[in-house]
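Okay, so here's the structure we're looking at.
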Amino acid sequence: MVDLLAELPGLLSEPQLVHDFGTACIYVVFLTFLSFLISFCFDLHVGKDLAELPAELVTAEQRIDATDKVLLTPLFAVIGFLALTGSWELRGDVESRWHGETPRTRWCALLYCAKMLLDVPTQAYTLRGDAVKRLQMVGHHLLSFVAIGLGLVVKRSAFFACWAVCSELSTPFLNAVMAIKLFGGNATPAQKSCHMVAGTGLWLAYIPFRMALFPAWLWLWFDDQRSFPDRTTAVSSTFELSFFPAVIAFLLALSTVWFYAITKGLAKALGLIGPPKKKGP
């Protein structure tokens, strides 16, 4: 076993890591600020009734939410591409999966960690009216930041980090659903049809990129340890070996809750289920 506390101080102060993470943070903050400014060009449809608000009446909270959910889609597309191609590069053998690193896996982790770190204060602010959802999202971002960031720092498990980040490939579909609502509303038949198509795409994306990915991730993580203990457990810390799969299990549980909500919403949109009947007096 590796003594994580002994090796972390030197690794955290590594000049190249500090430089690269600083660069990633600057890029993410700049893109977020640019997207925020772009959001002023649009009227938004907000609230449960998706009422249209002129740009000058949209609150900062609503604009930040729109920026995060819709206008940052290109960033998630880049991170998703790096995650998919990076994990593919290192998929071959246990040595690559546990100790390999490529420029794509490194920058996937750097950009993802920068985005998760920025999301903690923004989600805490925009969701302050919903304590349960706020806890879910802030917890999701903090745990993801620590798990992916730890692998980046100790230069282990880059394959598993990128494979986990592949779950974000469902995010553009979620953003498409949000974009239709925020910028178009959901009043006309055409808007409702677009919303239904985007919702179906989100439901379909959730199956391979979350509901199947996380169990497969957990199986391979533990199978590698069982089959190759000298290249996995013997050269990793106890914290890594337990914390990383615990985060994935948490994300699987969270994704299951979200998948149920997505399925229920899609079924309602398709007319498969109706609104709950009101109880009589």
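The values are calculated or read from the model by the stated rules, or taken from the named source; none is laboratory data. Small disclaimer: the values here were computed from a predicted structure and weren't measured. Virtual Cβ from ideal backbone geometry, glycine too; neighbours counted across all protein chains shown.
Summary of computed values
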{"quantity": "Qualifying position, being in contact with a Gly (Cβ under 6 Å, 6 or more places away or on another chain) and of a type in the set (K, R), among R91, R104", "calculated": "R104"}
{"quantity": "Hey, F228 among the aromatic types (F, W, Y) and farther than 15 Å from A83 by Cα or not", "calculated": "yes"}
{"quantity": "Any hit, region 247-258, residues being closer than 30 Å to F40 by Cα, modelled with pLDDT of 85 or more, surrounded by fewer than 16 Cβ atoms within 10 Å (Cβ to Cβ) and aliphatic (A, V, I, L, M)", "calculated": "no"}
{"quantity": "Some residue of region 148-161 being surrounded by fewer than 18 Cβ atoms within 10 Å (Cβ to Cβ), farther than 24 Å from P15 by Cβ and either out of contact with any Cys (no Cβ under 8 Å at 6 or more places or on another chain) or of a type in the set (K, R) (or both)", "calculated": "no"}
{"quantity": "Positions within region 107-163 being over 14 Å from F244 (Cβ atoms), of a type in the set (A, V, I, L, M) and in contact with an Asp or Glu (Cβ under 6 Å, 6 or more places away or on another chain), in sequence order", "calculated": "L110"}
{"quantity": "Odd one out for H45 among (1) crowded, with 17+ Cβ neighbours inside 10 Å; (2) under 20 Å from the mean Cα position of the chain (by Cα); (3) at pLDDT below 90", "calculated": "(2)"}
{"quantity": "Filtered residue count, region 96-137, keeping only those that are over 25 Å from F21 (Cα atoms) and not aliphatic (A, V, I, L, M)", "calculated": "7"}
{"quantity": "Per-region count, region 209-242, residues aromatic (F, W, Y) and either free of Cβ contacts under 8 Å to residues at least 40 places away in the same chain or outside any helix (DSSP H, G or I) (or both)", "calculated": "3"}
{"quantity": "Hey, K133 charged (D, E, K, R), buried (at least 23 other Cβ atoms within 10 Å of the Cβ) and part of a helix (DSSP H, G or I) or not", "calculated": "no"}
{"quantity": "Residues (surrounded by fewer than 23 Cβ atoms within 10 Å (Cβ to Cβ) and within 14 Å of K69 (Cα to Cα)) located in region 96-119", "calculated": "M116, L118, D119"}
{"quantity": "Candidates L202, L266, L270, L254, filtered to the one that is among the hydrophobic types (A, V, I, L, M, F, W, C), in contact with a His (Cβ under 9 Å, 6 or more places away or on another chain) and in contact (Cβ under 8 Å) with a residue 12 or more places away in the chain", "calculated": "L254"}
{"quantity": "Subset of region 83-98 that is assigned to a loop (DSSP other than H, G, I, E, B) and among the charged types (D, E, K, R) - its residue that is farthest from the chain's Cα centre (by Cα)", "calculated": "D93"}
{"quantity": "Flag for V28 being β-branched (V, I, T), at pLDDT 75 or above and assigned to a helix (DSSP H, G or I)", "calculated": "yes"}
{"quantity": "Helices (runs of 4 or more DSSP H) wholly inside region 156-208 containing at least 3 residues that are at pLDDT below 85", "calculated": "171-184, 189-206"}
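For (1) modelled with pLDDT of 95 or more; (2) under 12 Å from the mean Cα position of the chain (by Cα); (3) of a type in the set (D, E, K, R), each residue gets a yes or a no:
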| site | (1), (2), (3) |
| --- | --- |
| L110 | yes, no, no |
| D119 | no, yes, yes |
| A124 | no, no, no |
| V132 | no, no, no |
| Q136 | no, no, no |
| F145 | no, yes, no |
